[in-house]
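Structure first, then comments.
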Amino acid sequence: MAETKSNWKPEWKRDIVYLHVFPRAMAKCIPNISPFAMKLEMWLRMNEIPYQIVDHMGFSSKSQTPFIMFNEDEIPDSNFIIEYLSKHFKKDPYPGINVEQQAVGRSFLKMVEENTAWSIFWYRYVEHMQEYMEYIKFQVPEEMQEKVGAGLSSSVKDRAWKHGIGRHSNEEIYKIGSDDIRAISAYLGKKKYFLGETPSLIDCTLFGFLVQIIFVPLDFPMKVVIQEECSNVLDYINRLKTEFWPHWDDQQL
Ligand SMILES: N[C@@H](CCC(=O)N[C@@H](CS)C(=O)NCC(=O)O)C(=O)O
């Protein structure tokens, strides 16, 4: 159900971002099962924008999560939220980074969000939903868990078919995801951040999606590629985690 101004709570303050995301308690190994929510929270942290997490099972007016409530308005979609908050708080998603490099950032962002993402969703929701259920908990009574899981699995399968990726074999889908990881690794090289010495939006995006592979104990074929061929990607994600999520390991998130 879409959020409206009537959902604004009187105790909420101006210029604080109320970040509506699936409840933290749903994910057992990472702060959020939504890579888009992880990316957005990472960006808020990187830019020191004041925010509060609102555990929320609902969706935005665009029927997706995450969204924010900000100064009485609902703003949906992680990319539009970042654009909006960048203007409001005078932040640059690519600080000091030239337009050519920004174009590289945008291309990788779109690759990960529109392409790599499907290989992750296919593995955990379509091919291994039963196993993935050990690492997530829906906010419904115990006896409903299975049914909700099955519903989510078939809805992702249906959307993957409509997207086009769902027409490929499992092996082909994971090859697509794995080749994306190899491209990320090749471009990252030995750099500290993806575009050099300065952290930017693309680091938030890569972090949001790659933690879903690295820190969830499922045997994603893309994880094997990271572990066996792309140690620079593993080091990079661990560096970002240490820098921006210092309390990740003790769950003081
Ligand atoms: N473009 C959106 C994508 C968000 C998205 O796909 N969120 C997923 C959860 S990870 C969702 O809400 N899925 C439900 C749906 O699309 O119907 C953004 O950047 O926020």
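The values are calculated or read from the model by the stated rules, or taken from the named source; none is laboratory data. Since this is a predicted model, take the numbers as computed values, not measurements. FYI the Cβ positions are ideal-geometry reconstructions off the backbone, even for glycines, and counts take in every protein chain you see.
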Checking E134 against (1) touching a Leu at 6+ places or on another chain (Cβ under 8 Å); (2) in a loop (DSSP other than H, G, I, E, B): exactly one of these is not met. Which one?
(1)
Go through I237, I213, I202, I184 for me and flag whichever is hydrophobic (A, V, I, L, M, F, W, C), surrounded by 14 or more Cβ atoms within 10 Å (Cβ to Cβ), out of contact with any Leu (no Cβ under 8 Å at 6 or more places or on another chain) and in a helix (DSSP H, G or I).
I213
Residue hits (the stretch 76-101; among the aliphatic types (A, V, I, L, M) and closer than 26 Å to K62 by Cβ) are I81, I82, L85
Only one of Y84, Y51, Y94 is over 25 Å from K157 (Cβ atoms), touching a helix residue (DSSP H, G or I) at 6+ places or on another chain (Cβ under 6 Å) and in the same structural domain as W12 (by TED's automatic domain parsing); which?
Y51
Looking only at the stretch 188-199, count how many residues are closer than 19 Å to K39 by Cβ and either touching a residue at least 60 places away in the same chain (Cβ under 8 Å) or assigned to a helix (DSSP H, G or I) (or both).
5
Residues (at pLDDT below 95 and within 14 Å of the ligand (Cβ to nearest atom)) located in the stretch 124-147:
I136, F138
At least 3 residues that are under 18 Å from G208 (Cβ atoms), aromatic (F, W, Y) and within 16 Å of the ligand (Cβ to nearest atom) in each: list the strands (runs of 3 or more DSSP E) lying fully within the stretch 1-116 that qualify.
none
